[in-house]
Structures are given as structure tokens and as C-alpha cells.
Amino acid sequence: MIRAVLLDALGTLVELPAPWPALVEELAARGVVVDEPHARAALLQEMAYYRAHHDEAVDEAALAVLRDRCTEVLRAGLPEHARAVGDLRGALLGSLRFRAYPEVPEVLAQLGERGLARIVVSNWDVSLRAVLDDVGLTPLLDGIVISAEVGAAKPDPAIFALALARAGVAAHEALHVGDTADVDVAGARAAGIRAVHLDRAGGDPGAATSLDALADLLRSLEP
């Protein structure tokens, strides 16, 4: 019997549309014209830096420092005429426009109606709580486990163990859903948790393509 569903965040519950068009808009609002290819190149550098360092943002003070460093990486990647723009940090943050996937609120609500604990398990900095709140998912969740806060990132079994403890269930009573086979699926299985690979692009013929598939899957696991 499944009593808890563990869920990845980015790519599973929320998406980040390509942020370079938004960065072009944010810079234009600050009086600086940058074309989309240059914005894209600079943001890809910033995003790579962020991914390598996000677990250092263990609290709000450390998050502020990380965001300042990311801003400087972005600045260095922009054309020279754009590097002196005012409030580049604000432009960066304004370009990151997360949103929930369309089916997610209803699916989370259905899981709650079935009495299942809904726990997010994500490799993210401490700002994830604000992101989930901004997209309206917080009331539909029973817990949030963030790598930067716990000092362990997927696929480390330690972060899954903490999620199980938050849910109050054993490993065999949980199901994890995530969009990366090597991090989400392999990590969950290493922790003794059944896992579902979610591939929204449809590249993996054995994967689910949306969270809508969860209802049928959970019914199939009922005794």
C-alpha cells in the first residue's frame, strides 16, 4: 500500500520556460537593448554556475550572496555595452518566471483526497519554498525537503530517508516521481523506494509523460 508520494520539483511540478526572452524584456525595461542570442549565452553561463553552487544557499543570507555571484557571472557574459545596466540582479530574478504544469494542482489535490502524504524532494536552494508558494502549490503539499537545507542532494539516499521521515512512512510505502533517471529514479531505488520516471518530452517510451498517469499507477499498486 502506497501511503506517500515523493515528488521532484523542477521538471515534475514546476517548469521554467526559456528565460532569455524574459531577460531581453527585463533589460529593455532598464534601458538596455540586448538581442536574444546574447541573452541566452549569458544566461546559460549563469545557470551552469548556479547548478554547481545552489546547495551553498543554506539560508537567506547565503542565498543573497549566491544571487550576487550569479549576477556577476551573468554580467560577464553580456555584451560590453550591457554590463553597466542598473539592477542587473533584479533583471536576472525577473527573468526566472516559474509556473506549475497545468495538471499538477488537480493531481496533488487528488492525492490529498486519497490520504496520501505529498512531499517535495528537490535539489534546490532555500528559495524553493517561495517558488512553490508563488505558483500556488504550497497548500497542496505536506512537506518540502530541499538539498541545500539538509546537506544532501539526490541521488544520495540520505535526502530520501529524510523525506520518508517527514511523511511518516517506510520506504516500501512510498513512491517517488521525478524527471531524471540517474538522479530521481536511481536515487529513489537505491533508498528502497519505488520510482516513476516522468519524461514530459516523450523521449523515453517507458516513462510517464504527465502526472495524470499517477492515478492509474496508484490503483495498480493497491492490494
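The values are calculated or read from the model by the stated rules, or taken from the named source; none is laboratory data. From a predicted model like this one, the values you see are computed outputs, not experimental measurements. Every residue, glycine as well, gets a Cβ built from its backbone with ideal geometry; the counts of neighbours run over all protein chains shown. Side chains included, ligands, DNA and RNA excluded: accessible areas come from the protein's heavy atoms. Shrake-Rupley method; radii C 1.70, N 1.55, O 1.52, S 1.80 Å.
Figures for the structure shown
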quantity	calculated
Region 124-141 residues that are of a type in the set (Ser, Thr, Tyr), paired with ones that are open to solvent by 30 Å² or more (accessible area, probe 1.4 Å) and modelled with pLDDT of 95 or more (beta carbon under 8 Å, 6 or more apart)	138/129
Candidate set from region 91-112 (those that are farther than 16 Å from residue 7 by Cβ and part of a helix (DSSP H, G or I)); member that is most open to solvent (accessible area, probe 1.4 Å)	93
Qualifying residue in region 166-179 (condition: under 20 Å from residue 62 (Cβ atoms) and touching a residue at least 12 places away in the same chain (Cβ under 8 Å))	no
Search result, residues across region 20-36 that are in a helix (DSSP H, G or I) and open to solvent by less than 70 Å² (accessible area, probe 1.4 Å)	20, 21, 22, 23, 24, 26, 27, 28
Residue among 166, 200 that alone is under 23 Å from residue 126 (Cβ atoms) and open to solvent by 60 Å² or more (accessible area, probe 1.4 Å)	166
Residue in region 9-19 that is open to solvent by 10 Å² or more (accessible area, probe 1.4 Å), assigned to a helix (DSSP H, G or I) and under 25 Å from residue 200 (Cβ atoms) present	no
Filter result (touching a residue at least 24 places away in the same chain (Cβ under 8 Å), assigned to a helix (DSSP H, G or I) and either of a type in the set (Ser, Thr, Tyr) or open to solvent by 90 Å² or more (accessible area, probe 1.4 Å) (or both)) within region 72-87	81
Any hit, region 159-173, residues being of a type in the set (A, V, I, L, M) and touching a His at 6+ places or on another chain (Cβ under 6 Å)	no
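Residue by residue, here is whether (1) touching a helix residue (DSSP H, G or I) at 6+ places or on another chain (Cβ under 7 Å); (2) over 12 Å from residue 8 (Cβ atoms); (3) polar (S, T, N, Q) holds:
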{"residue": "123", "(1), (2), (3)": "yes, no, yes"}
{"residue": "127", "(1), (2), (3)": "yes, yes, yes"}
{"residue": "131", "(1), (2), (3)": "no, yes, no"}
{"residue": "154", "(1), (2), (3)": "yes, no, no"}
{"residue": "159", "(1), (2), (3)": "yes, no, no"}
{"residue": "171", "(1), (2), (3)": "yes, yes, no"}
{"residue": "185", "(1), (2), (3)": "no, no, no"}
{"residue": "201", "(1), (2), (3)": "no, yes, no"}
